[in-house]
Amino acid sequence: MFWPETGFTKGQVIDYYARVADAILPHLHGRPLTLKRYPNGVEAGSFYEKRCPGHRPDWVETAAIWSGRNEGDIDYCLCNEKATLVWMAQLASLELHPSLSLAAQIERPRVLAFDLDPGAPADILDCCRVALRLRAMFAGLGLECFPKTSGSKGLQVYVPLNGDVAYEQTKPFARAVAQTLERDEPKRVVSRMAKKLRKGKVFVDWSQNDQHKTTVAVYSLRAKERPTASTPVGWDEVERALERSTPDALSFEADAVLERVAKRGDLFAPVLELTQELPPELLGD
């Protein structure tokens, strides 16, 4: 019983990942993957596992990635096929956290990512306001961006790049965007890391744009009170939730995610396909 409050079992975790495989695998393929494992369910302890388990089957692919002086090269798991995804679910890897890069080009982020995290009493509706601001800012630069729920309290906004830009450019750019949002609405937005500053505001986390960090995968389950998942949504859904003040409209559990994929396909597919360039004049050297 992995989610005691709802009766959601380990078997259902495995079933979910097997059924969502066609949607999630393109977003995991070729990317170094950190597993967040909950061997005894969400109410017990958990641990992050960057190094692919030594007891892995022979057919699980890995990639050696330099992870700093203290750790050296780490053999990360690559989740390139359904069998590997199901094996990870069997390990109680409830949450999957891939790199923003492909292992073959680890220094090249495929996206610019913003994690919008509300500090109570702010909630996901406050994140909707900030997400729409981000959409307008990037539209002004001729760029598209795509929202997904975090599967927890907030929203995430991805700007597809799929080009040759490096983290040395995207990270300071993302920070400047977050600082601009904070400057424009200091009572609603914060870009600084200190948790004491976040009460009643939306923290725009720009720091995930880093070669050594990961972000929860689209369609990944989250170890919260209920078996919610990080779910791609349309901008119309973000606008409607804000207009109607219905935060629950942006919370999706496993069964609902599978229904959405069956009806609407992968709303996050453009993130993998769309090639965009950040304005060179706004990037550092």
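The values are calculated or read from the model by the stated rules, or taken from the named source; none is laboratory data. Please read all numbers here as calculations on a predicted model, not as lab measurements. Cβ coordinates were reconstructed from backbone atoms using ideal geometry, including for glycine residues, and neighbour counts include every protein chain displayed. Remember, those area values only see protein heavy atoms, side chains included, never the ligands or the DNA or RNA. Shrake-Rupley method; radii C 1.70, N 1.55, O 1.52, S 1.80 Å.
Laid out as a table, the results:
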| quantity | calculated |
| --- | --- |
| Hits in segment 161-176 (condition: among the hydrophobic types (A, V, I, L, M, F, W, C) and either touching a His at 6+ places or on another chain (Cβ under 7 Å) or open to solvent by 10 Å² or more (accessible area, probe 1.4 Å) (or both)) | VAL165, ALA166, PHE173, ALA176 |
| Subset of segment 201-222 that is at pLDDT 95 or above and over 14 Å from the mean Cα position of the chain (by Cα) - its residue that is farthest from GLY154 (Cα to Cα) | LYS201 |
| Single unsatisfied condition, VAL204 versus (1) in contact with a helix residue (DSSP H, G or I) (Cβ under 7 Å, 6 or more places away or on another chain); (2) surrounded by 22 or more Cβ atoms within 10 Å (Cβ to Cβ); (3) at positive phi | (3) |
| Contacts under 9 angstrom Cβ, first residue in segment 237-264 being among the basic types (Lys, Arg) and modelled with pLDDT of 95 or more, partner open to solvent by 60 Å² or more (accessible area, probe 1.4 Å) and not in a helix (DSSP H, G or I), 6 or more apart | none |
| Every pair of residues 6+ apart whose Cβ atoms lie under 7 Å, when the first sits in segment 79-101 and is on the phi > 0 side of the Ramachandran plot while the second is at pLDDT 95 or above | ALA92/LYS10; ALA92/ARG37; ALA92/TYR38; ALA92/PRO39 |
| Pair list, Cβ under 9 Å, 6 or more apart: segment 205-217 residue under 19 Å from ALA104 (Cβ atoms), other residue β-branched (Val, Ile, Thr) and in a loop (DSSP other than H, G, I, E, B) | GLN211/ILE106 |
| Residue tally, condition buried (at least 23 other Cβ atoms within 10 Å of the Cβ) and among the basic types (Lys, Arg), over segment 207-222 | 0 |
| LEU125 being surrounded by fewer than 23 Cβ atoms within 10 Å (Cβ to Cβ), within 17 Å of the chain's Cα centre (by Cα) and not in a strand (DSSP E or B) | no |
| Filtered residues of segment 139-187 (kept if more than 18 Å from LEU283 (Cβ to Cβ) and of a type in the set (Lys, Arg)) | LYS148, LYS153, ARG183, LYS187 |
| Residues being surrounded by fewer than 21 Cβ atoms within 10 Å (Cβ to Cβ), closer than 26 Å to LEU35 by Cβ and not hydrophobic (A, V, I, L, M, F, W, C) - total across segment 223-268 | 8 |
| ALA136 vs. criteria under 26 Å from PRO280 (Cβ atoms), open to solvent by less than 10 Å² (accessible area, probe 1.4 Å) and at pLDDT 95 or above | no |
| Residue ranges of strands (runs of 3 or more DSSP E) in segment 1-86 with at least 2 members open to solvent by 70 Å² or more (accessible area, probe 1.4 Å) and not charged (D, E, K, R) | 47-49 |
| Near pairs, Cβ below 6 angstrom, 6+ apart or cross-chain, from segment 112-128 (more than 28 Å from LEU161 (Cβ to Cβ)) to any residue that is hydrophobic (A, V, I, L, M, F, W, C) | ALA122/VAL202; LEU125/LEU242 |
| Leading residue by the ranking (least open to solvent (accessible area, probe 1.4 Å)) among those in segment 140-160 that are among the charged types (D, E, K, R) and not in a strand (DSSP E or B) | GLU144 |
| Residue check, GLU107 acidic (Asp, Glu), farther than 26 Å from PHE173 by Cα and surrounded by fewer than 16 Cβ atoms within 10 Å (Cβ to Cβ) | no |
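Per-residue answers, yes or no, for (1) at pLDDT 95 or above; (2) under 28 Å from ALA254 (Cα atoms); (3) in contact with a strand residue (DSSP E or B) (Cβ under 7 Å, 6 or more places away or on another chain):
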residue: ASP22; (1), (2), (3): yes, yes, no
residue: HIS29; (1), (2), (3): yes, yes, no
residue: LEU35; (1), (2), (3): yes, yes, yes
residue: TYR38; (1), (2), (3): yes, yes, yes
residue: ALA44; (1), (2), (3): no, yes, no
residue: GLY54; (1), (2), (3): no, no, no
residue: ALA64; (1), (2), (3): yes, no, yes
residue: SER67; (1), (2), (3): no, no, yes
